[in-house]
Structures are given as C-alpha cells and as structure tokens.
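Take a look at the structure below.
The values are calculated or read from the model by the stated rules, or taken from the named source; none is laboratory data. None of the values given here were measured: they were computed from a predicted structure. Please note: Cβ atoms are built from the backbone with ideal geometry, for glycine as well, and neighbour counts cover all protein chains shown.
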Amino acid sequence: MSTHFFGEGNIGSAPEFREFNNRNDEPRRLLRLNVYFDNPVPVKDGYEDRGGFWAPVEIWHREAEHWSTLYQKGMRVMVEGRLVKEEWADADENARVTFKIEARRVGILPYRVERVRLGGKSSAAADGDDHPN
C-alpha cells in the first residue's frame, strides 16, 4: 500500500548516505533522513504539537551523496512523495508494521538558515533531467 504524502517537519539526526552496486551500471545512491512531522495546533500561548510522528524519508538520486552534505540535523524541510506501508516480523516472529516515505522532493525551508551559496549548473539540470534516477 502507498499513498501520496506532503508534509513539513524537522530532520532529527545526521543524514545517512549509502551506495549500492548496480552491476556495470552507475551505482544506485540512497539518502536517508529521519524526520519528525509535527502537527502544530494553536493554543492560548502559541502552538502545541498534537499528533506528530517520526518517519524515515528515503531519497534515491544520483546526487544523494552531495545532498547528504546539505541536509543537517534540526533543518526544517518540506517532503513530497509516497507513504509506503511495510509489514515485517520482529525477532520473536511478532507481526509489525512501519511506514516510510519514498521522497520525490525534499525542500529546505529557510527557518534558521544563515546563508545560501549557489554552485554552477549540474549536468542533470543542463539536460533538463531533474527527476530521480
């Protein structure tokens, strides 16, 4: 089961980059983020978080290694992708269910950002290919 997901949250730990061999083709690259998606509800003195949740966010893209240096713990992000249900059994053979987000886009929101420095165009952007591999 999967469904479209769109949410805003904070990265809770350092990004994790992994690379997987793909035979003779370019390796597949994965960036994992652990994100807390909050649910701020207005109260008398500001906001209160009600019903927020943690979710692993996976980004498969050839630029994942570079992006692992951009995303940081505590950074506010907007995530768009698919919410995917995963069923599995623990060590005691108890049925478990978890959810993860297979991200299509993860945008950095400007909260607490001190500066931005743009690099040159990547070859993917020059070719008009901004989609994940």
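Just the residues that are among the charged types (D, E, K, R) and modelled with pLDDT of 90 or more, please, taken from region 87-124.
Residues satisfying the conditions are 87, 90, 92, 93, 96, 100, 102, 104, 105.
Sub-6 Å Cβ pairs linking a first residue in region 71-94 that is over 24 Å from residue 111 (Cβ atoms) to a second residue that is of a type in the set (Phe, Trp, Tyr) and surrounded by 11 or more Cβ atoms within 10 Å (Cβ to Cβ), at least 6 apart or interchain, are 85/99, ordered by first then second residue. The residues of region 27-55 that are surrounded by fewer than 10 Cβ atoms within 10 Å (Cβ to Cβ) and of a type outside the set (Lys, Arg), listed by number, are 42, 43, 45, 46, 51. Here residue 77 fulfils each of the conditions (1) among the hydrophobic types (A, V, I, L, M, F, W, C); (2) in contact with a strand residue (DSSP E or B) (Cβ under 7 Å, 6 or more places away or on another chain); (3) more than 18 Å from residue 31 (Cα to Cα) apart from (3). Scanning region 97-121 for residues that are of a type in the set (Val, Ile, Thr), more than 15 Å from residue 11 (Cα to Cα) and surrounded by 10 or more Cβ atoms within 10 Å (Cβ to Cβ) yields one hit, 98. Flag: residue 58 matches the condition of being surrounded by 12 or more Cβ atoms within 10 Å (Cβ to Cβ), under 18 Å from residue 7 (Cβ atoms) and among the charged types (D, E, K, R).
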